[in-house]
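Contents: one structure, followed by commentary.
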Amino acid sequence: MRREPAAEKLNMSLKFLVPAVLAGQLAGCGTLAPHRPAHDLIVTAAKPGHLFVLDPRKLKAVSDFTIPGAHDYITTIVPSPDGKIAYLLVDRGMRIVGLDLRTGKEVFRADLSTAGERVQSMGFDVTPDGKELIVYELRTLLGIDTYTVEPPQFALFSTSGGLYATPLRKFPAPRRIQAVLASKDGRGFYAFWPDVYHFDLKTGRLLDDRALLDWGRRDHTSTDLSINSPASEPTGIYSLPLYSTLTGTGLPADGVRATSLMTLDLHTGKLAYHDISQTAPNIFSTIISPDRRWAFGVFDALYKIDLQHWAIVKQAPIAHSYYIVNVSSDGQELYLGGNMCDIAIYDAHTLREKGDIKLPGCGDQALVMSRVIARQ
């Protein structure tokens, strides 16, 4: 093999390096860069304290990271808007950690409790710019011989707070909140149950309060619901299955059970309720397809819901109960998780199973809210 002199080597390196660098710089400059299709990755976690990054194309886990201080408890997973960091609620809801999804390195930590006060969270979200976490906190003062329940609050943390993050500001909060979602305009956030509350992000001022538990729909009783998967990707529309009893003329005296779907557009704030079935199938969580044409639900079966006619149009059996359903960024695949130690992959059109990913070590996901991130 011919060996080039050092100067010639350098010239050849620059010849290929400069165009490569320019191409990389142009990749973020709109129309100058060629479009690259998204490559979906699934992020989930399992006991006792593992965070997994799964590749649905390869049907395997590509990363297995240890979660610092999980203490056998992981629930909510919130990816950063750029898909590089996963924020996790761990340690009985008393700590939020952020892990770099490429290296597994801990880059953020907020210990919510102190020596004299136990603080636990039921839910949190990250703002669209990725700069702040919105955390719902339940607080208890720990006296020598008494516990004193304090009013709940929202605490706002900077994601650049490192491993000793403390709140930037705090706001009073309603009781019984189960989930928090940031609005897509970056100006506010929503908190759920018993109503749908809308708050200003900077001041904490209540902007709107719309009924959810006692929704006031004619011929419907109050709703029965459980908020298990507060995720809105890829559409920015959050959907939630609701249950009630339909009463009225021509119906049995004790009514008919009804299944409905709530949708909240996090871009516009539009809230809507639609009945989808009078057979009351058990649906644990739902997700909206990228084209906003379909919703998919899961629990003991997999359901496909037509959002033009608001009806369940297809149902398929599944291997075992799954609590969480996600959809790929192109709308072609569904990812079922949140239970046992696997993520099942289904075709979004036919609802036929395409594959299954077993988690290393077979740890229990136990209601962990798996998420989908799109990498270019």
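Just to confirm the number: angle between the C-alpha axis of helix 6-26 and the first principal axis of the chain, 0 to 90 degrees, nearest 10?
The angle comes out near 20 degrees.
Please work out the FRET efficiency for the pair THR268 and VAL313, using the Cβ-Cβ distance as r and a Förster radius of 25 Å; give the result to the nearest 0.05.
For THR268 and VAL313, the calculated efficiency is 0.45.
What number, rounded to the nearest 500 deg cm²/dmol, is the helix-based mean residue ellipticity at 222 nm of the chain, given -39500 (n - 2.57) per DSSP H run of at least four residues and division by all its residues? The partial results should precede the final answer.
Numbers: 1 runs with 21 residues, N = 376.
Taking each H run of at least 4 residues, the total per residue is -2000 deg cm²/dmol.
Based on the Cβ-Cβ distance from GLU117 to THR221, what FRET efficiency comes out when R0 is 41 Å, to the nearest 0.05? Walk me through the numbers on the way to the answer.
Details: r = 39 Å, r/R0 = 0.95.
Efficiency at R0 = 41 Å is approximately 0.60.
Hand me the trypsin sites (Lys or Arg not before Pro) from segment 175-264 located in a DSSP loop with no more than 11 other Cβ atoms within 10 Å, in residue order please. Before the final figure, lay out the partial values.
Working: sites: ARG175, ARG176, LYS184, ARG187, LYS202, ARG205, ARG210, ARG217, ARG218, ARG257; in loops: ARG175, ARG176, LYS184, ARG187, LYS202, ARG205, ARG217, ARG218.
Listed in order of number, the matching sites are ARG175, LYS202, ARG205, ARG218.
May I ask for the distance between the Cα centers of segment 260-331 and segment 99-171, given as a whole number of Å?
With segment 260-331 and segment 99-171 each reduced to a Cα centre, they are spaced 31 Å.
What is the distance, in nm, between label points placed 7 Å from the Cα along the Cα-to-Cβ direction at LYS47 and at ARG293?
4.1
Here are labelled values, (i) 19.4; (ii) 25.4; (iii) 16.8, and one is the computed mean projected area of the Cα convex hull in nm² for what I pasted. Which one?
Of the listed options (i) 19.4; (ii) 25.4; (iii) 16.8, (ii) comes from this structure.
Using only the Cα atoms of segment 67-211, what semi-axes does the equivalent ellipsoid have when each is the square root of 5 times a gyration tensor eigenvalue? Give whole Å, largest first. Walk me through the numbers before you get to the answer.
Details: eigenvalues 99, 91, 31 Å².
Ellipsoid semi-axes (Å, largest first): 22, 21, 12.
With θ set to phi - 60°, apply the Karplus curve 6.51 cos²θ - 1.76 cosθ + 1.60 along segment 67-78 and write out the HN-Hα couplings as whole Hz, x wherever there is a Gly or Pro.
8, x, x, 5, 6, 6, 8, 9, 10, 6, 10, 10
Which of LYS84/LYS170; LYS184/LYS354; LYS270/LYS354; LYS60/LYS314; LYS170/LYS304; LYS58/LYS131 have a Cα-Cα distance over 31 Å? Intermediate values should be presented prior to the final figure.
Working: LYS84/LYS170 27 Å; LYS184/LYS354 33 Å; LYS270/LYS354 35 Å; LYS60/LYS314 28 Å; LYS170/LYS304 41 Å; LYS58/LYS131 33 Å.
Those over the limit are LYS184/LYS354; LYS270/LYS354; LYS170/LYS304; LYS58/LYS131.
Please list 3J(HN,Hα) in residue order for segment 293-304, calculated via the Karplus relation 6.51 cos²θ - 1.76 cosθ + 1.60 where θ = phi - 60°; whole Hz, with x for glycine and proline.
8, 10, 10, 10, x, 8, 5, 8, 8, 10, 10, 10
What's log10 of I(q)/I(0) for segment 61-108 at q = 0.14 Å⁻¹, Debye sum over Cα points only, no solvent?
-0.30
Would you mind computing, in nm to one decimal, how far apart the modelled labels at ILE144 and ASP330 are, each placed 7 Å from Cα along Cα→Cβ?
That separation, rounded to one decimal, is 6.7 nm.
Rule-based calculations on the coordinates, nothing more; no lab input. The structure displayed is predicted, hence computed values, not measured ones. Here Cβ is always computed from backbone atoms with ideal geometry, including for glycine, and neighbour counts include all displayed protein chains.
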